1. Is it the case, given these coordinates, that GLY125 is in a loop (DSSP other than H, G, I, E, B), at pLDDT 85 or above, within 19 Å of TYR18 (Cα to Cα) and small (Gly, Ala, Ser)?
2. State all residues of the stretch 91-115 that are touching a helix residue (DSSP H, G or I) at 6+ places or on another chain (Cβ under 6 Å) and either over 26 Å from ALA28 (Cα atoms) or modelled with pLDDT of 85 or more (or both); if no residue qualifies, say none.
3. Got a number for residues in the stretch 174-197 being β-branched (Val, Ile, Thr) and in a loop (DSSP other than H, G, I, E, B)?
4. Can you tell me which of SER124, SER133 is touching a residue at least 60 places away in the same chain (Cβ under 8 Å), in contact with a Lys or Arg (Cβ under 6 Å, 6 or more places away or on another chain) and among the small types (Gly, Ala, Ser)?
5. Against the condition at pLDDT below 85, surrounded by fewer than 18 Cβ atoms within 10 Å (Cβ to Cβ) and not β-branched (Val, Ile, Thr), how does LEU167 come out, does it pass?
6. Restricting attention to the stretch 5-23, which residues are of a type in the set (D, E, K, R) and more than 20 Å from PHE112 (Cβ to Cβ)?
7. Please work out which residue is surrounded by the fewest Cβ atoms within 10 Å (Cβ to Cβ), limiting yourself to the stretch 43-70 and to residues that are farther than 21 Å from MET135 by Cα and of a type in the set (A, V, I, L, M, F, W, C).
8. Take the stretch 138-158 and flag every residue that is small (Gly, Ala, Ser) and over 15 Å from ALA33 (Cβ atoms).
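The values are calculated or read from the model by the stated rules, or taken from the named source; none is laboratory data. Here the structure is a predicted model, which means the values were calculated and not measured. Every residue, glycine as well, gets a Cβ built from its backbone with ideal geometry; the counts of neighbours run over all protein chains shown.
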Amino acid sequence: MKQFSVRFLRLLFGLFLYSVGIVLTIKAHIGYAPWDVFHAGLSALSGMSFGVASIVVGLVLVLVGLLLREKIGLGTVLNMVLIGVFLDWIMLVVPQAANWPIGLAMMLGGLFIISLASFFYLGSGFGAGPRDSLMVALTRKTRLPVGLIRGGMELAAVLAGWAMGGLFGAGTLLFALAIGVCIQATFRLLRFDPTLVRHENLLDTWRTVFGREERQNK
């Protein structure tokens, strides 16, 4: 049970850290992140709210991940729920960049924090978030570098979002081009291969927690 608790804390810390990184890229005020461009474009095209568009995209990515035989676990669910909660809290305490150089520094800092956060929550083994599930699945299927896969995903989101009417700036392009490099560098520095992590699905986690309790009660 101690090992489970350590992994769960690692998951929560990773999701919180991920939220910090996202807020830094938002508060940099030099352009939407690629997936936010996509969410905004889908919202403008469909009439859905920004939040609903984000949820719909997340659900679609989860379904694609399932088709590619990625496991949906506790981490996948908490990624969709807790990051939004953490974002609301952190947005209240992080000031907006006063000028472009500070914004650039915040954007770059946010990218590396997101990369480090991915190491923590992916390494917990509770299942990746919707976008990371797709990233890992495509990396496993194509055997291409994880940085190339992630960068390609971000660029695709930007182009699709822009085509649907989403807005973007210099920071959007920086995010799209640099996030893959940052993740690749961080994972290599930490000697972490996300394709080697054995992720639990929700049923596995249930059995780990409650199955042990049932055995102890017998």
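1. On the way: in a loop (DSSP other than H, G, I, E, B): yes; at pLDDT 85 or above: yes; within 19 Å of TYR18 (Cα to Cα): yes; small (Gly, Ala, Ser): yes.
So GLY125 fits the description; yes.
2. Of the residues in the stretch 91-115, the ones touching a helix residue (DSSP H, G or I) at 6+ places or on another chain (Cβ under 6 Å) are 91, 94, 96-97, 106-107, 109-115.
Matches in the stretch 91-115: VAL94, GLN96, ALA97, MET106, MET107, GLY109, GLY110, LEU111, PHE112, ILE113, ILE114, SER115.
3. Let us first name the residues in the stretch 174-197 that are β-branched (Val, Ile, Thr), namely 179, 181, 183, 186, 195, 197.
The next check asks that each one be in a loop (DSSP other than H, G, I, E, B); those that pass are 197.
Number of matching residues: 1.
4. Numbers: SER133 fails: in contact with a Lys or Arg (Cβ under 6 Å, 6 or more places away or on another chain).
SER124 is the lone residue from the list that is touching a residue at least 60 places away in the same chain (Cβ under 8 Å), in contact with a Lys or Arg (Cβ under 6 Å, 6 or more places away or on another chain) and among the small types (Gly, Ala, Ser).
5. yes
6. Taking the stretch 5-23 as the starting set, the residues that turn out to be of a type in the set (D, E, K, R) are 7, 10.
Answer for the stretch 5-23, where residues must be of a type in the set (D, E, K, R) and more than 20 Å from PHE112 (Cβ to Cβ): just ARG7.
7. Taking the stretch 43-70 first, the residues farther than 21 Å from MET135 by Cα are 43-52.
Keeping just the survivors that are of a type in the set (A, V, I, L, M, F, W, C) gives 44-45, 48, 50, 52.
Numbers: ALA44: 16, LEU45: 14, MET48: 15, PHE50: 12, VAL52: 14.
So the residue we want is PHE50.
8. Here is the first cut: in the stretch 138-158, the residues small (Gly, Ala, Ser) are 147, 151-152, 156-157.
Selection gives GLY147, GLY152.
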